[in-house]
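The values are calculated or read from the model by the stated rules, or taken from the named source; none is laboratory data. Only a predicted model underlies this, so the values are computations on that prediction, with no experimental measurement involved. Cβ coordinates were reconstructed from backbone atoms using ideal geometry, including for glycine residues, and neighbour counts include every protein chain displayed.
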Amino acid sequence: MSSCIFCKIIAGEIPSVKIYEDDLVYAFMDIAPINLGHILVIPKEHHESASSIPEATAGRMMKVGSRLGIALKRALDYDAYNLHLADGKAAGQVVMHAHLHVVPRGVDDDFRWNWRQLAYADGEAAAMAEKVLAKFKLNDQE
Ligand code: 5GP
Ligand code: ZN
């Protein structure tokens, strides 16, 4: 996609610090890292949403992302890593080419996800699960 910043990075039209590349995915250093070493893993094919990425590519993104997470721990002495993917603007997606964040974490890195924990009324979780399942299509392209 010609106007997409990440497609331009893959094509070499915009510079990036590449860390890994294969037939399906491209991985590079995030320009504004949560912690130093923060990596982005992207499909070489343009997909706005993770939901339309072919399974082989999506699987490669997860494999490469998690193995790069291990490499971050070994090479840079981190304790752990988060894999994060924002799908849609309301979820925080800014660049509309799907990307998996690999965020290296340290026990004292002072970064907290803004995570909250709500509660269900009796039966509400099961009712919701049933409603969602009725709309679930594993191989739909939308
Ligand atoms: P999002 O908020 O869409 O999940 O994350 C987009 C990420 O892309 C951000 O972490 C941002 O720092 C990174 N980013 C945006 N533009 C560029 C760029 O031109 N080069 C690199 N290396 N990273 C970028
Ligand atoms: Zn793109």
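Only residues that are more than 9 Å from ligand 1 (Cβ to nearest atom) and of a type outside the set (D, E, K, R): list them for segment 1-19, please. Matches in segment 1-19: Met1, Ser2, Ser3, Cys4, Cys7, Ile10, Ala11, Gly12, Ile19.
Scanning segment 78-100 for residues that are within 25 Å of Tyr20 (Cβ to Cβ) and either within 16 Å of ligand 2 (Cβ to nearest atom) or among the β-branched types (Val, Ile, Thr) (or both) returns Leu85, Ala86, Asp87, Gln93, Val94, Val95, Met96, His97, Ala98, His99, Leu100. Mind listing just one residue for me: the one in segment 32-45 that is within 16 Å of ligand 2 (Cβ to nearest atom), more than 14 Å from Leu72 (Cα to Cα) and of a type outside the set (Val, Ile, Thr) and, of those, surrounded by the most Cβ atoms within 10 Å (Cβ to Cβ)? Among those that are within 16 Å of ligand 2 (Cβ to nearest atom), more than 14 Å from Leu72 (Cα to Cα) and of a type outside the set (Val, Ile, Thr), it is Pro43.
Kindly check whether there is at least one residue in segment 20-31 that is within 13 Å of ligand 1 (Cβ to nearest atom), aliphatic (A, V, I, L, M), modelled with pLDDT of 95 or more and surrounded by 13 or more Cβ atoms within 10 Å (Cβ to Cβ). The answer is yes; a qualifying residue exists. If the condition is being touching a Ser or Thr at 6+ places or on another chain (Cβ under 9 Å) and within 13 Å of ligand 2 (Cβ to nearest atom), then segment 7-24 contributes Lys8, Ile9, Ile10.
If the condition is being of a type in the set (S, T, N, Q) and over 25 Å from Trp113 (Cα atoms), then segment 19-62 contributes Ser52, Thr57.
Number of residues in segment 63-83 that are surrounded by 15 or more Cβ atoms within 10 Å (Cβ to Cβ) and not hydroxyl-bearing (Ser, Thr, Tyr): the value is 9. Only residues that are part of a loop (DSSP other than H, G, I, E, B), closer than 26 Å to Leu76 by Cα and without any contact (Cβ under 8 Å) to a residue 12 or more places away in the chain were counted across segment 1-30, and they come to 1. Selection of segment 93-122 for residues being exposed (fewer than 10 other Cβ atoms within 10 Å of the Cβ) and closer than 24 Å to Ile5 by Cβ yields only Val94.
Among residues belonging to segment 44-81 that are within 15 Å of ligand 1 (Cβ to nearest atom) and touching a Gly at 6+ places or on another chain (Cβ under 8 Å), point out the one that is farthest from Asp108 (Cα to Cα). The residue in question is Ser49.
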